[in-house]
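Working notes, structure below.
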Amino acid sequence: MDTFYREKPSKTQLFRSEIGAAPRTEQQPVNFFRRSRKNAKMQLENTGEQMPRRRTRQKNSGCRALPVTHRRALRIGGLTKPKRIHPMNKGKLQKLVTKTVALHREIADKTEQLKVLKATLVQEAKLHPKDHVQTESGGKRWTAEGSNGCVARVSFPTATLVSEVEGKGDLIEQCKAVAGEAFRKLFTPVKIYQLVEDFRTEAKTLLPE
């Protein structure tokens, strides 16, 4: 139930309105009862009347639904149709070749200069062993700072481990000499089968098709 207020003129207001004075209004509460839309619809169906359509605040924009064509789908998806490539004329081709070769030569020269500069930094880093810092992987690192705040780091990685050592040769003998009695605890023998020479021919002869 909602409460609304309706203006009701009094006797004084009627008298003032007759003599031209602005009437004063007094608000008195008036009760109104609202039916739910569901009950109103059921009652209208019983009487055979039609339910008025509910008005929405959304206004008709006047736009119509456009079919999604191939070009429009490419535009919506952020893709563009590839342009047709035409051959260059002689002047444009010469400019492109000249620019490409010049850039290639510049990159090659800069690469050689960079190799020389890096090698110089490595030699300088070896002269400062006290400034080397231990890394998490077991190696060492040397850091130098430039005049504009840039930093150059030279890393000295630790010796890498090989996954396996041949059972015969000077290397395995050196390992045995260094490890001594702990050789069996540090190394595990693994049996390996190698293919014979002319394996394909021998396999075709010995094995059934």
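Tabulated values for the structure
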read-out: Relative frequency of Cα-Cα separations exceeding 17 Å in segment 78-146, percent; value: 70
read-out: Linear extension gain, F199 paired with V162, 0.36 nm per residue minus alpha-carbon span; value: 10.4 nm
read-out: N89/T111 FRET efficiency (R0 41 Å; Cβ-Cβ; nearest 0.05); value: 0.80
read-out: Length released on extending from E181 to L127, taking residue separation times 0.36 nm less the Cα-Cα span; value: 15.6 nm
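Read-outs: derived from the displayed coordinates by stated rules, not from any lab. Note that the structure is predicted; figures quoted are calculated from it, not measured. Because the Cβ atoms are built from the backbone with ideal geometry, glycine has one as well, and the counts that use them run over all protein chains shown.
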